[in-house]
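Chemist: Take this structure, written in structure tokens, and hold onto it; I'll ask about it next.
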Amino acid sequence: MSDPTGRNRKAGNGEDSIYWDKSKNRFVGAVSLGFTPAGKRHRPKVSGKTKTEVRHKLKELKRELDAGVKSSASYTVAQAVSDWLDKGLKGREETSISTYRILADTHITPYLGAAKLRELDADQLDEWLEERATVLATQSLRMVHSILRRSISQGQRRNKVVRNVAELVQVPEGRSGRPSKSLSLEQGEAVLRAKEGSWIHAYVVLSLLVGVRPEEARPLAWTHVHIDHREGERPHVDVWRSVRRHGDTKTRRSRRSLAMPHQVAAVLKAYKARQITECAAAGAPWTDERLVFPTTDGQQRSSLNVRRNFRALLKEAGFEDPQSWVTRELRTSFVSLLSDHGIPIEVIARVVGHSGTNVTEKVYRKQLRPVLSEGAEAMDSIFGAGPTIVETPPET
């Protein structure tokens with residue numbers, strides 16, 4: 001069968017051959033590797049629209065063979081990503097795996113999934129990243145690129161592909177991400193007065209005035225809350241656990257004990273007394289192993305449950321758009337209020353559990369004044385003695 005150029009020469013023994021396949025409407029190149037143990041000819045093949053393209057692919061194929069790699073010509077991006085999600089994330093949090101899977105299903109597979117890894121080139125990835133940069137924030141874009149890079153790396157380790165083309169491209173700047181907000185002093189005072197006596201009020205007081213992470217507040221047990229302190233010792237909370245795998249905190253420095261402002265201690269003391277009363281009324285034994293912010297059946301609250309109740313509190317506090325706020329912004333507000341009050345960045349970073357000042361300064365802090373002071377004492381100064389505690393019926 002002749003090729004479209006009208007030139008055709010039979011390859012000699014042991015030579016590579018390039019020929020026109022009319023059924024595929026493409027040029028096909030084959031490398032002769034002798035015979036298999038079963039006696040069949042072993043001829044790996046590649047294909048392309050032009051002879052030049054096929055010659056290039058034959059060179060790539062020979063390099064793979066010389067390196068002892070038997071990559072698959074049909075192995076696609078979708079298969080690589082699926083293999084990594086299924087086998088390359090052992091021991092990771094289910095929530096992390098779910099996030100990776102959603103990003104891959106949304107931003108990788110629909111655009112690159114059908115592409116064969118052996119044929120994927122840097123130009124294709126540059127185009128894909130530029131297009132995704134119009135809809136993703138920079139951090140999300142970097143995460144999507146990381147998923148692809150790590151998926152191909154796993155394919156390399158399993159001899160599915162020789163090179164990792166994702167390492168050859170740079171990630172462009174994406175869209176501006178959602179900026180975190182911080183409560184003003186007036187907003188903070190309104191928040192501290194809303195839904196007094198309820199669990200979400202106690203949660204907000206602890207989060208805003210002590211700066212614990214949402215993931216640290218939800219699993220907090222009374223055994224780690226020290227409001228009946230010894231003389232000469234400030235009330236404090238041991239932030240030793242989180243909702244992360246095995247209950248570990250985010251970093252080593254995140255495991256810390258934090259002094260409470262007097263307002264927090266007063267609110268939590270009244271809140272604990274109410275919980276003990278409710279427990280006795282239900283005929284259940286009290287133990288400090290109980291959660292500080294449990295559901296009605298004593299289980300740990302979900303982040304969605306906390307966020308929904310937090311926004312209801314903001315609505316009562318007079319916020320025009322409570323749906324635009326999330327619970328982690330209580331922590332950014334804690335940092336900003338301390339900084340505005342004159343706490344040095346090094347002290348704030350230590351209190352919030354950051355390993356250094358970089359994240360505190362770039363992400364959390366909104367103001368800065370270089371005056372020495374301390375966290376709990378500063379919050380007592382900022383908000384004073386706090387509102388009068390009013391008992392209200394329990395919330396679900």
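Chemist: Quick test for you: out of 173, 189, 167, 130, pick the one residue that is in contact with a Phe, Trp or Tyr (Cβ under 9 Å, 6 or more places away or on another chain) and at pLDDT 90 or above. Steps first, answer last, please.
Modeler: Numbers: 173 fails: in contact with a Phe, Trp or Tyr (Cβ under 9 Å, 6 or more places away or on another chain); 167 fails: in contact with a Phe, Trp or Tyr (Cβ under 9 Å, 6 or more places away or on another chain); 130 fails: in contact with a Phe, Trp or Tyr (Cβ under 9 Å, 6 or more places away or on another chain).
Criteria check complete, one pass: 189.
Chemist: Can you run down the residue pairs with Cβ atoms below 9 Å, 6 or more apart or on separate chains, where the first is in segment 104-124 and surrounded by 16 or more Cβ atoms within 10 Å (Cβ to Cβ) and the partner is at pLDDT below 90 and polar (S, T, N, Q)?
Modeler: 117/71; 117/72; 118/71; 118/72; 118/74
Chemist: Within the group 202, 284, which residue is assigned by TED's automatic domain parsing to the domain that holds residue 339, assigned to a helix (DSSP H, G or I) and modelled with pLDDT of 85 or more? Give the derivation first.
Modeler: Numbers: 284 fails: assigned to a helix (DSSP H, G or I).
Going through 202, 284 in turn, the sole match is 202.
Chemist: From the list 195, 181, exactly one residue is surrounded by 17 or more Cβ atoms within 10 Å (Cβ to Cβ) and either at pLDDT below 95 or under 23 Å from residue 320 (Cα atoms) (or both). Which is it?
Modeler: After ruling out the rest, the residue left standing is 195.
Chemist: For segment 79-158, please list each of the helices (runs of 4 or more DSSP H) lying entirely inside it that holds at least 2 residues being among the hydroxyl-bearing types (Ser, Thr, Tyr).
Modeler: 94-107, 109-112, 138-157
Chemist: Suppose the filter is modelled with pLDDT of 90 or more, in contact with a helix residue (DSSP H, G or I) (Cβ under 6 Å, 6 or more places away or on another chain) and buried (at least 19 other Cβ atoms within 10 Å of the Cβ); does residue 338 pass it?
Modeler: Judged against the criteria, residue 338 is not a match.
Chemist: Of everything in segment 136-190, what is farther than 20 Å from residue 85 by Cβ and of a type in the set (Asp, Glu)? Give them in sequence order.
Modeler: 173, 186, 189
Chemist: Scan (1) more than 27 Å from the chain's Cα centre (by Cα); (2) closer than 30 Å to residue 298 by Cα; (3) modelled with pLDDT under 90 for the single condition residue 214 breaks and write down its number.
Modeler: Of (1) more than 27 Å from the chain's Cα centre (by Cα); (2) closer than 30 Å to residue 298 by Cα; (3) modelled with pLDDT under 90, only one is false for residue 214: (1).
Chemist: Right, another one. Would you pick out the residues in segment 17-49 that are in a strand (DSSP E or B), among the β-branched types (Val, Ile, Thr) and modelled with pLDDT under 85? Steps first, answer last, please.
Modeler: From segment 17-49, those in a strand (DSSP E or B) are 17-21, 26-30, 35, 41, 45-48; that's our starting set.
Now drop any that are not among the β-branched types (Val, Ile, Thr), which leaves 18, 28, 46.
Correct list: 46 only.
Chemist: For segment 159-169, name all the residues that are touching a helix residue (DSSP H, G or I) at 6+ places or on another chain (Cβ under 8 Å), in contact (Cβ under 8 Å) with a residue 24 or more places away in the chain and not in a helix (DSSP H, G or I).
Modeler: Result: 160, 161, 162, 169.
Chemist: Collect the residues in segment 149-161 that are at pLDDT below 90, surrounded by fewer than 19 Cβ atoms within 10 Å (Cβ to Cβ) and not basic (Lys, Arg), keeping them in residue-number order.
Modeler: Those that are at pLDDT below 90, surrounded by fewer than 19 Cβ atoms within 10 Å (Cβ to Cβ) and not basic (Lys, Arg): 156, 159.
Chemist: Can you tell me how many residues within segment 301-310 are surrounded by fewer than 19 Cβ atoms within 10 Å (Cβ to Cβ) and assigned to a helix (DSSP H, G or I)?
Modeler: The qualifying residues number 5.
Chemist: Of these, 96, 82, which one is small (Gly, Ala, Ser), assigned by TED's automatic domain parsing to the domain that holds residue 120, buried (at least 16 other Cβ atoms within 10 Å of the Cβ) and at pLDDT 75 or above?
Modeler: Working: 96 fails: buried (at least 16 other Cβ atoms within 10 Å of the Cβ).
Exactly one of 96, 82 is small (Gly, Ala, Ser), assigned by TED's automatic domain parsing to the domain that holds residue 120, buried (at least 16 other Cβ atoms within 10 Å of the Cβ) and at pLDDT 75 or above, namely 82.
The values are calculated or read from the model by the stated rules, or taken from the named source; none is laboratory data. Note that this is a predicted model, so its numbers are computed, not measured. Glycine also receives a Cβ, built like all others from the backbone with ideal geometry; neighbour counts cover every protein chain displayed.
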